[in-house]
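The values are calculated or read from the model by the stated rules, or taken from the named source; none is laboratory data. Keep in mind it's a predicted model, so treat the numbers as computed, not measured. Using ideal geometry, Cβ is built from the backbone for each residue, glycine included, and neighbour counts are taken over all protein chains shown. Keep in mind that these areas ignore ligands, DNA and RNA; they rest on the heavy atoms of the full protein, side chains included. Shrake-Rupley method; radii C 1.70, N 1.55, O 1.52, S 1.80 Å.
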Amino acid sequence: MVGREKELKIRFVPGQCELVEEDVDIPNRRVLITGATGLLGRAVYKEFNENNWHAVGCGYRRARPKFERVNLLNSVEVHDIIQDFQPHVIVHCAAERRPDVVESQADAVSQLNVTASGNLAKEAAGVGAFLIYISTDYVFDGTNPPYKESDAPNPLNLYGKTKLEGEKAVLENNEGAAVLRIPILYGEVENLEESAVTVMFDKVQFSNKSANMDHWQQRFPTNINDVASVCRQLSEKRMLDPSIKGTFHWSGNEQMTKYEMACAIADAFNLPSSHLRPITDSPVVGALRPRNAQLDCSKLEMLGIGQRTPFRVGIKESLWPFLVDKRWRQTVFH
């Protein structure tokens, strides 16, 4: 079933334009996405919107005109949008996710990653909405992978600690909520700095200068479209089965260091990689990172939920608009 609403549209005719009302179909399944202006949030919004959900995204600094402007630290604004929209599902993507930034802005980050998440969970419970809280593999210390949902977390850095505290705040305030832990993300970016994967592209392209690349930390790069699909599948399963709740893991299944990712990117675009230098020592600057926080995803797989895009396929789709050599833009998909 779908509802019908009036929507104002501009109609152009020769010599003039006019504002007209048209009937539009509105799907009856409603989802609210926080952080909808961010890397993952945009993909989640698109995934639900294209699969017969009425999706509303909210953001803050970059929200309008496409998304609702909501300050998640303002409990009144959060209460109002949830009461007005009455979502069936809320996907909570908004967070400060840069470990080195978290270390320098601990109080502000705790407000967003922990306090706001707990409040959102409470508001979701008030309207019976299924909340998916996006968390991270950094809740683990990386010494004994792969990690199941039941394994004891032990975050090494403040980012992982705030996300773990956020998990606890969500589940304490909403026993029917879900936590979805995911690793390093990449996908369609607005700028290369949006992802710790895509940010390497300039170093790959400019082969006239050697570049040091981490070859110590084991990562599992995961496409944002795959995570978005998992969120939708999980939501649709939950609407049929209220017992679906708690903690889940999703991840790509290709183990790669940043050096190996950079080489794979070079290979995808037929670029040289001899200027890339693997650094096998543990990083000595910035927030501590786990060596290998591989996530066991069998819990979701047993529910028939999942989607994985091969890294070389996904990274080519993500990065080709940023190619410096314009000739490759014309040939990379042909």
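Could you order Cys231, Cys93 by accessible surface area, starting with the largest, using a probe radius of 1.4 Å? All intermediate terms of the calculation are to be shown ahead of the outcome.
Values: Cys231 0, Cys93 25 Å².
Putting Cys231, Cys93 in descending order of accessible area: Cys93, Cys231.
Can you tell me the FRET efficiency between Met302 and Ala211 if r is taken as the Cβ-Cβ distance and R0 is 41 Å, rounded to the nearest 0.05?
E between Met302 and Ala211, to the nearest 0.05, is 0.50.
Run the numbers for Leu240 and Asp281: contour at 0.36 nm per residue of separation, minus the present Cα-Cα distance, in nm. Could you put the intermediate results ahead of the total?
On the way: separation 41, 0.36 × 41 = 14.76 nm, distance 4.86 nm.
Once the chain is fully extended between Leu240 and Asp281, it gains 9.9 nm.
Per residue, how much accessible surface does region 185-334 expose to a 1.4 Å probe? Answer in Å², no decimals.
I get 49 Å² per residue for region 185-334.
Cα gyration tensor of region 69-123, axes a ≥ b ≥ c as square roots of the eigenvalues: rounded (a/c below 1.5), prolate (a/b > b/c) or oblate? Don't skip to the answer; put the middle values down first.
Numbers: a/c = 2.77, a/b = 2.17, b/c = 1.27.
Note, shape of region 69-123 comes out prolate.
Within 10 Å, at most 11 other Cβ atoms, and a DSSP state outside H, G, I, E, B define an exposed site. Report the longest part of the chain free of exposed trypsin sites (Lys or Arg not before Pro). Please report the intermediate quantities before stating the final value.
Working: sites that count: Arg61, Lys209.
After excluding every exposed loop site, the longest remaining stretch is 62-208.
May I ask you to give the average projected area over all directions of the convex hull of the Cα atoms of region 269-310, in nm² rounded to one decimal? Mind showing how you got there, number by number?
Details: hull surface 23.2 nm².
In nm², the orientation-averaged hull projection of region 269-310 is 5.8.
Among Ile305, Phe269, Ala287, whose Cα lies farthest out toward the positive end of the dipole of the chain, if unit charges sit on the beta carbon of Lys, Arg (+1) and Asp, Glu (-1)?
Phe269
Hey, got a sec? Which chymotrypsin sites (Phe, Trp or Tyr not before Pro) in region 116-145 land in a DSSP loop and have at most 10 other Cβ atoms within 10 Å?
none
Could you pull out which residues in region 78-100 have an amide N less than 14 Å from a spot 7 Å beyond the Cα of Asn28, following the Cα-Cβ vector?
Counting only backbone N, you get 88.
In debye to the nearest 20, how big a dipole does region 204-334 give about its Cα centre with +1 on each Lys and Arg Cβ and -1 on each Asp and Glu Cβ?
Dipole size: approximately 260 debye.
Just in region 140-182: which GluC sites (Glu not before Pro) are loop by DSSP and have at most 14 other Cβ atoms within 10 Å? Intermediate results must be reported in sequence, preceding the final value.
Numbers: sites: Glu149, Glu165, Glu167, Glu172, Glu175; in loops: Glu149, Glu175.
Loop-located and lightly packed - Glu175.
Shape of region 227-334 from its Cα gyration tensor (a ≥ b ≥ c, root eigenvalues): rounded if a/c is under 1.5, otherwise prolate when a/b > b/c, or oblate?
Oblate shape, in that a/c is at least 1.5 and b/c is the bigger or equal ratio.
Taking the DSSP beta bridges in the chain as the whole, what percent of them are antiparallel, to the nearest 5?
Beta bridges within the chain, antiparallel portion: roughly 30 percent.
Can you send over the carbon and sulfur percentage of the accessible area for region 203-279, probe radius 1.4 Å, protein chains only?
Carbon and sulfur together cover 45 percent of it.
Per-residue ellipticity at 222 nm for the chain, helices alone: DSSP H runs ≥ 4 residues times -39500 (n - 2.57), over residue total, nearest 500 deg cm²/dmol?
Taking each H run of at least 4 residues, the total per residue is -10000 deg cm²/dmol.
Taking the Cα centre of the chain as the origin, how large is its charge dipole in debye, to the nearest 20, when only Lys and Arg (+1) and Asp and Glu (-1) carry charge on their Cβ atoms?
Dipole magnitude for the chain comes out near 640 debye.
Farthest toward the dipole's positive end in region 150-236, which of Pro183, Gln217, Val230, given Cβ charges of +1 (Lys, Arg) and -1 (Asp, Glu) about the Cα centre?
Of the candidates, Gln217 comes out farthest on the positive side.
As a test of understanding, state the convex hull volume per residue of the chain from its alpha carbons, in Å³.
168 Å³
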